[in-house]
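Bear in mind that the values in this text are calculations on the coordinates, not laboratory data. Worth saying up front: this structure is predicted, and the values here are computed from it rather than measured. Every residue, glycine among them, receives a Cβ derived from its backbone with ideal geometry; neighbour counts consider all protein chains shown.
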Amino acid sequence: MNSLQTLAISEALRAQLSADNLLAINSHGQEVLHGLDFAESQLLVDCSERPPTDASMQEQCARLVIKHERARLRIATVDDERSVAKF
């Protein structure tokens with residue numbers, strides 16, 4: 001069995017992301033942000049901790065934010081629909 005591959009982030013940020021239910025473990029045993037692969041997740045975390053000055057890197061980070069938010073909203077919508085279905 002593969003060991004868990006975690007993102008290189010501070011424990012404080014990991015705690016915050018976990019509390020907000022933004023982290024997941026993918027099928028490869030990697031810690032990721034919802035909707036992103038491991039490399040994309042690490043890049044987005046790096047961008048949030050040290051905003052890039054390079055315009056193309058800023059664009060790439062912005063695209064990852066949108067991709068992550070879309071996945072997060074899909075998950076939230078499914079959760080809401082499940083909650084409603086229980087009543």
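Observations, loosely collected:
For (1) part of a loop (DSSP other than H, G, I, E, B); (2) free of Cβ contacts under 8 Å to residues at least 12 places away in the same chain; (3) of a type in the set (Gly, Ala, Ser), each residue gets a yes or a no:
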| site | (1), (2), (3) |
| --- | --- |
| Ala12 | no, yes, yes |
| Ala24 | no, yes, yes |
| Ser41 | no, no, yes |
| Ala76 | no, yes, yes |
| Arg82 | no, yes, no |
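- Test: Ile9 is among the β-branched types (Val, Ile, Thr) and closer than 21 Å to Arg74 by Cα: no
- Residues of the range 9-55 that are surrounded by fewer than 10 Cβ atoms within 10 Å (Cβ to Cβ) and not polar (S, T, N, Q): Glu11, Ala12, Ala19, Asp20, Arg50, Asp54, Ala55.
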